[in-house]
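For reference, the structure discussed in these notes is given below.
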Amino acid sequence: MSAARERLLETATRLFYAEGIHTVGIDRIIAEAGIAKATFYRHFKTKDDLVVAYLTREYARQREVLDAVSGSGIDSVTAIFERLGELSCGPGFRGCPFLNAAIEFPDPAHAVRAVVADYRGWFLDLMRERLVAAGHEDPETAAHYLLLVRDGVALSGGVGDAETVQAGVRTALGQISSRVAPGPAPAPATTS
């Protein structure tokens, strides 16, 4: 990646997350990144292309962090949600960049919404895989429940409601843990 493209993405990431995508114009990003307008258009044909690159980069960053959570099964789900709870209550937290983008781009056919859908699908799959490994009795429903809790944690954290974030994480983990079979997870069924 060129230094100019990197500066553009870093600047866009900072501004889009802090202020919102539609409130930040291309001219401001160009000025704060310290590049020429022609350089911007060499790397991104449109602002929407920059937004997709921003979200794609954030998706890769979050995927790397959450895939690296140690443990297996319910221990890893617990570690993920405890980490999400901490981040959501931290300084500068402005909610989930994917949910924020989805609100600003209401057309479900838009390229931005495709990145949002990919991220949410990946998170759902991650939860499902970890719940199956834990021997959860209904990993499909529980994974959807955890995606909903994740969204609520991000929204509550974004408005500075740490008490709700912590209560949501505790309640979700309690609900999920209560439906995990004791002992090792059952072996996956084999097909003939």
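The values are calculated or read from the model by the stated rules, or taken from the named source; none is laboratory data. Computed from a predicted model, the values in this text were never measured in an experiment. FYI the Cβ positions are ideal-geometry reconstructions off the backbone, even for glycines, and counts take in every protein chain you see. Accessible surface is based on the protein model in full, side chains and every heavy atom, while ligands, DNA and RNA are left aside. Shrake-Rupley method; radii C 1.70, N 1.55, O 1.52, S 1.80 Å.
Hey, can you grab everything whose amide H is under 5 Å from the amide H of residue 136? Only 5+ residues off in sequence or another chain; H modelled, so Pro and N-termini drop out.
It is 181, by chain and number.
Stretched out fully, how many nm does the piece from residue 18 to residue 82 gain, at 0.36 nm a residue minus the Cα gap?
Contour length minus Cα-Cα distance gives 20.7 nm.
Tell me, what HN-Hα J-couplings in whole Hz come from the Karplus equation 6.51 cos²θ - 1.76 cosθ + 1.60 at θ = phi - 60° for each residue of segment 53-61, using x for Gly and Pro?
Running phi through 6.51 cos²θ - 1.76 cosθ + 1.60 with θ = phi - 60° gives 5, 4, 5, 4, 5, 5, 4, 4, 5 Hz.
Leaving out ligands, DNA and RNA, what percent of the accessible area of the chain is carbon and sulfur, probe 1.4 Å?
Ligands and nucleic acids excluded, carbon and sulfur reach 56 percent.
Once both labels are modelled 7 Å past Cα along the beta-carbon direction, what's the residue 67-residue 114 spacing in nm?
Taking the two extended label points, one gets 2.1 nm.
In the Gaussian network model of the chain, springs joining C-alpha atoms below 10 Å, which of 18, 142, 68 carries the largest mean-square fluctuation?
68
In nm, give the distance between the simple-model label positions of residue 27 and residue 94, each being 7 Å from the Cα along the Cα-to-Cβ direction.
2.0
How many angstrom separate the Cα center of segment 1-17 from the Cα center of segment 26-85?
Using only Cα atoms, the two centres lie 10 Å from each other.
Identify the residues of segment 110-135 with backbone N under 20 Å of a label point that sits 7 angstrom from the Cα of residue 45 along the Cα-to-Cβ direction, or state none.
Under 20 Å, as judged by backbone N against the label point of residue 45, lie 110-116 of segment 110-135.
Just one of [x] 1.08; [y] 0.96; [z] 1.18 is Cα Rg over 2.2 N^0.38 Å as worked out from the coordinates here. Which one is it?
Here the calculated entry is [z].
Which whole-Hz ³J(HN,Hα) couplings does segment 76-93 yield from phi under the Karplus relation 6.51 cos²θ - 1.76 cosθ + 1.60, θ = phi - 60°, glycine and proline marked x?
6, 4, 4, 4, 4, 6, 5, 5, 4, x, 4, 4, 5, 9, x, x, x, 6
Over the chain, average the accessible area per residue using a 1.4 Å probe and give it in Å², no decimals.
On the way: 10130 Å² over 192 residues.
Heavy-atom SASA per residue in the chain reads 53 Å².
GNM on the chain, C-alpha springs below 10 Å: top fluctuator among 58, 129, 163?
163
Measuring from label point to label point, each 7 Å out along Cα→Cβ, what is the residue 2 to residue 177 span in nm?
Modelled inter-label distance: 5.2 nm.
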